[in-house]
Every structure is written in C-alpha cells, then in structure tokens.
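Take a look at the structure below.
The values are calculated or read from the model by the stated rules, or taken from the named source; none is laboratory data. As the structure is a computational prediction, the values presented were derived from the model and not from experiment. When we count neighbours, we look across all protein chains shown, and the Cβ atoms used for this are built from the backbone with ideal geometry, even at glycine.
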Amino acid sequence: MTHDTIIRIPMKGGVMVDDQQPGPKWRRSTRCANNSCVEVAMAEGSVLVRDSKDPEGRVLTFTPAEWEAFATGIVAGDFTFD
C-alpha cells in the first residue's frame, strides 16, 4: 500500500470530501446527515481520524498498516456491539 492509499470500507452511500480547506482532505460518509460522524484523511504517510462535531479537537493518527488492519476487521465483522 502506498502512503496516499485509503482503505475504503464498503458501505451504503458515498464519501464527501472537504476540498475547500487547506491541509488534509477530510472525508466522511454522505450518510452523515447530522454532522455526528468521524472523518478520515491522509497526511504525511499517516491516516488521521477526527470527530466531525469537533474539527478543531484531537486527531487520532494511525499508520497505514494499522488502518488497513482496522478496516479489514470491520469488513470481517470483528467488531460487533451486541
């Protein structure tokens, strides 16, 4: 995987990209109707994750390998909240 690759998680809906702001291009699902979602961006070879309700707040940083493992686990159903 290259540093600019984002692992896409299969979902219904699409992805919205904020191209108007300088810096990382934050993405979130088009199904995020009330701005209560997480946003994901690539920057300097890392995957960044933030809360869309608090765009100036803390940002979690993952390596591409960590993000790929997380996304693979989601697709495989490893994270269930029964």
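Within region 1-38, restricting attention to residues that are β-branched (Val, Ile, Thr), within 20 Å of PHE70 (Cβ to Cβ) and surrounded by 11 or more Cβ atoms within 10 Å (Cβ to Cβ), the residue that is modelled with the highest pLDDT is VAL38.
What residue, of ALA71, ALA41, is in a strand (DSSP E or B), surrounded by 12 or more Cβ atoms within 10 Å (Cβ to Cβ) and either at pLDDT below 90 or within 11 Å of the chain's Cα centre (by Cα) (or both)? Working first, answer last.
Numbers: ALA71 fails: in a strand (DSSP E or B).
After ruling out the rest, the residue left standing is ALA41.
Can you say whether ASP54 is over 20 Å from GLY23 (Cα atoms) and exposed (fewer than 10 other Cβ atoms within 10 Å of the Cβ), as far as the supplied structure shows? Steps first, answer last, please.
On the way: over 20 Å from GLY23 (Cα atoms): no; exposed (fewer than 10 other Cβ atoms within 10 Å of the Cβ): yes.
Spelling it out, it is not the case that ASP54 is over 20 Å from GLY23 (Cα atoms) and exposed (fewer than 10 other Cβ atoms within 10 Å of the Cβ).
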